[in-house]
Every structure is written in C-alpha cells, then in structure tokens.
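The values are calculated or read from the model by the stated rules, or taken from the named source; none is laboratory data. Computed from a predicted model, the values in this text were never measured in an experiment. No Cβ is skipped: glycine too gets one built from the backbone with ideal geometry, and neighbour counts run over all protein chains shown.
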Amino acid sequence: MKNLIRFIFNNFHWLLFFALIYFSAWLLINNSEIQRSRYLVISHEIAGRMHTASSGISSYIHLKRDNEALTERIAGLEQELMLCRKQLENINHAAHLRDSTFVMQPIPAGFSSWRFISARLVHNSISRTENYITLNRGTNDGVRENMGVLSAKGTVAGLVMSVSPNFSRVISLLNPKSRLSCKISSTNFFGSLLWDGKDPRYCNLGELPSHAVFKTGDTIVTSGYSATFPEGIPVGIVTDALEQKSGRSNYLRINLLTDFSTIREVLIVENRKRDEQTKIEKEGAE
Amino acid sequence: MTKIFVRQSIMFVSLVFLQVCLFSRIHVFGVATPVVYTYFLIKLPVKLSRNAVLFLAALIGLSIDIFGYTLGLNMLATIIVGFMRYMLLRLFKPRDLIDNVIPSFGTFGRNMFFRYAGTVTLLHITLLFAIDVNAFLVPSLFILRIAGSFIISSLIIYGLEMIYSGKGN
C-alpha cells in the first residue's frame, strides 16, 4: 500500500499531464458549442474589453485611411441618391403629364425591412483555418444571432454567430463553416460560396449548375435567398474556373472584394422580416 | 525566491498581453506569426517541480486561449511543451549546474541557450499548427507556416533574452 501511494506520488505528473490534456482536448473539440454557452459570455466580455483598448490605439493610427474610405463611400451614396431623386422626379413628372388623377402613394415608414447597425472590429483573425471576428456591439445594441455583417465598403464580411451584452462573434467568410448563397449578377445562376482555408483573398463558388454561363470578371453578389443579406450585395469577382474531375467546370475561383486583413469598420444588417420569412419556410418544410 | 516569483508573474502578464494584442495580429507574408509567450516556459527555473511546470504551462495556454478566442488550442500545445521541457532540459542544461537557476545566456552559455530555446520554440509552434485539424490539407502551406513562424519567433525570443541578460549585468 505504501509503495502504491509512493508510486502514485512519484508519478503524479503523468496523471496531471493526462488530466490536463483531456481537459484542453475537450475544450478544443466542443469549441463552437462552448462559444455559444453562457459561461463564455463573461470571458467574451473580458476579452472584448481588452481588445477594445488595444484596437482604440490601432484605429487611431488608421484614422486617415479609414476617413478616406468613408468619404469615398459617402460620395458613392451621394451619387446614388441623386440618381434616385432624378428618377423620382421623372416618375412624378410623367404621372403629372399623363394622368391628372394620379396620386403618388407615400412610401410607408417601415417600407424597407433592412436596418443597419455600425460596429467596429475589436478582434480579427485571417491566418487560421477557422477565422472569427469580434465586434464591439452586442444584444444591448440590438444585435442578434444570424445577422449579416458587411464591410464599410458595402461588401459581405460574415455572419453573427453568438452575442454577449456588449460584443458579438462573427463567422468570417474565411471559415469553412460559413456557406453563403451567391449568384452571378449578370446571369442570375446561383451557387454557394465556400473558403478552402488557403488564401484569405480567394473563395470558391460551388454547386453551380453545369450549364451556368459566366466569364472572368463577372461580379458575384448575394442571392437574397437566405434572409440574412439583401439581394445584390457584392461579394467578389470571378477570376478563374476550376476544372472538376468529372470535367464539368462548375467551380469558380472568386477574388473577394472584402479585404479581411485591413477591415476595421463594419455594418451589421438586420432583416426585420427575418422571423416571418424563416417561419413560413419552416412551415413549408414540414 | 520571492524575487523569482514576482519576476515570473510580471513576465506572465506582459507576455500574454504582448502576444494577444500585438504578436497574434502580425502575419508576415500571410504565413509567419510570432509565438513569443513560449519565452515564459523557457525561463522557468530549472529545478521547478514537473507538476508546477505543467500547471503554469496550462495556465498561460488557457490565458492566451481566452483572450484569443481559441479555446483549448494553445493550452493543449503548452501542456505538451511543459511536459517535454524536463527531457529537453536534461539534454541541454550544463552538467555542472547545482543551483536552481533560470535558463539564460549567463547560466547556460550562449550556444546551449540558443539550442534549448530553439528546440522548445520549434516544438511549440509545430504542435500549435498540427493541432489545427485542417492543417494537413495543404502540406506545403503547413511547413511554410511552421518555418516562417519559427524563424520570426526565435528571433524575437533571442532579442528578449539579450535585453534580459543585458539588464542583469
């Protein structure tokens, strides 16, 4: 008995080693489920706060470039606004000329089902095989799970996976777990976008029908089927068609429009009619 | 003893902070990321008990994981490194060492310290990248990442050691 106790005592480091290995492997394997759990909300908050402090410094350093990007975006929006105004004017004008009894229907306040929440990145990774982003907005700001995330340039960046009161975790497009329904903007053929884990600048568009028509340089946009993103949000540009073993080339290499290595400001997209859409889709499936 | 404890605690906190807020965000050519917190494991006293080394290794790995959102990944790697450190020390430490010293240029000699720190760093980085299940999908990228990260990490660790031993003198 004495010998046994001495043996265990002398070799306690083996026991400790295997216990710790078991614990960390358990953490690693259940990672995505734990990420969603309540226990981690606290650690999310602590880590989020620390990253907020350090990203404050780096966002100051990048102030100039971010300002330029924002101004550019404002210019683009301004142009679009002008175009819309002109079109509205034309409609009004035409209505006025042809039919004196025509009354313009006022656009109802809740017309657009999309709402945008601006957010800043506090943590980002691009070098791992599964990449995630942390944002400085959480449930307190109205962020919910499964909302879409756009870069400041208006291109797709990812999908909200879990939310704590002040922070949210986003599955980046650079994650094999993320699948995005996309279409070729000129021909409307749709497929799903997947990252192969190699180059953070490129993704693959698969599940395209074999008769799909495309050419390099075509823009890939969101299909709008998923209730997460509005239709027509730019995602990337076709650079190459990858041959499959069967000979059908229905895999496209996409150059992503979002530069994940420099992304700093984002917009979270809320679909106010999401619940309605998912509910009816579920009912249809039953 | 207290002096060593305080120094190690300060090193622990500052290395975790530096790793999470600075080094983990660096990706040279998209492949090389410095992993510098290994320095804490390298600098633990030579005769510290194996249980304590294991515990401290798990602790620093877990801290990096919590702040880097990579639960389990760094912890698993540091536990294995902490366990192997004993064997590596037997290989590299000078035979005439009697006191419970901290590995450094002064106690190990420049040459032996280079080898010891290099081996620990290489082991740690290889484990870190190998634990990622999808890492082996692209073998060339896997090797490139290990090589790139190893070179940049060991350069920084040697730099830290130079500052450390310079201050000591």
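Some observations on this one:
- Considering B:Leu122, B:Leu76, the condition of being touching a residue at least 40 places away in the same chain (Cβ under 8 Å) and under 22 Å from B:Leu54 (Cβ atoms) is satisfied by B:Leu76 alone.
- In the range A:221-248, the residue that is farthest from A:Phe190 (Cα to Cα) out of those that are modelled with pLDDT of 85 or more and assigned to a strand (DSSP E or B) is A:Thr239.
- If you filter the range B:67-89 down to residues that are within 7 Å of another protein chain (Cβ to nearest Cβ) and at pLDDT below 85, you find that the one that is farthest from A:Met50 (Cα to Cα) is B:Gly72.
- Matching residues, the range B:26-42, being at the interface with another protein chain (Cβ under 8 Å from one of its Cβ atoms) and on the phi < 0 side of the Ramachandran plot: B:His27, B:Val31, B:Thr33
- The one condition from (1) within 11 Å of the chain's Cα centre (by Cα); (2) surrounded by fewer than 22 Cβ atoms within 10 Å (Cβ to Cβ) that A:Arg144 does not meet is (1).
- Residue ranges of strands (runs of 3 or more DSSP E) in the range A:109-201 with at least 1 members within 30 Å of B:Ile125 (Cβ to Cβ): A:114-124, A:132-135, A:156-163, A:168-172, A:190-194
- Output for the range B:24-35, where each listed residue is surrounded by fewer than 22 Cβ atoms within 10 Å (Cβ to Cβ) and outside any helix (DSSP H, G or I): B:Ile26, B:His27, B:Val28, B:Phe29, B:Gly30, B:Val31, B:Ala32
- Any hit, the range B:146-169, residues being under 25 Å from B:Leu18 (Cα atoms) and at the interface with chain A (Cβ under 10 Å from one of its Cβ atoms): yes
- Residue within the range A:249-263 that is in a strand (DSSP E or B), under 25 Å from A:Asp141 (Cβ atoms) and among the hydrophobic types (A, V, I, L, M, F, W, C) present: no
- Counting the residues of the range A:7-30 that are more than 9 Å from every other protein chain (Cβ to nearest Cβ) and modelled with pLDDT under 85 gives 5.
- First in the range A:54-67 and farther than 17 Å from A:Lys153 by Cα, second anywhere and in a helix (DSSP H, G or I), Cβ under 7 Å, 6 or more apart: A:Ser54/B:Cys21
- Some residue of the range A:235-248 being β-branched (Val, Ile, Thr), within 14 Å of another protein chain (Cβ to nearest Cβ) and surrounded by fewer than 17 Cβ atoms within 10 Å (Cβ to Cβ): no
- So A:Thr134, is it within 12 Å of another protein chain (Cβ to nearest Cβ), modelled with pLDDT under 85 and touching a Gly at 6+ places or on another chain (Cβ under 7 Å): no
- Looking across B:Leu122, B:Leu89, B:Leu97, one residue alone is crowded, with 16+ Cβ neighbours inside 10 Å and within 22 Å of B:Phe5 (Cα to Cα). It is B:Leu89.
- Failed condition for A:Gly284, given (1) on the phi < 0 side of the Ramachandran plot; (2) part of a loop (DSSP other than H, G, I, E, B); (3) not hydrophobic (A, V, I, L, M, F, W, C): (2)
- Residue check, B:Phe40 buried (at least 18 other Cβ atoms within 10 Å of the Cβ), at pLDDT below 90 and more than 26 Å from B:Leu141 (Cα to Cα): no
- Here the condition is being of a type in the set (A, V, I, L, M), within 20 Å of A:Asp199 (Cα to Cα) and without any contact (Cβ under 8 Å) to a residue 24 or more places away in the chain; of B:Ile163, B:Ile143, it holds for B:Ile143 alone.
- Here the range B:43-66 is the region considered, the condition is being more than 12 Å from every other protein chain (Cβ to nearest Cβ) and β-branched (Val, Ile, Thr), and the residue that is surrounded by the fewest Cβ atoms within 10 Å (Cβ to Cβ) is B:Val46.
- B:Phe113 vs. criteria more than 26 Å from A:Pro176 (Cβ to Cβ), buried (at least 16 other Cβ atoms within 10 Å of the Cβ) and more than 12 Å from the chain's Cα centre (by Cα): yes
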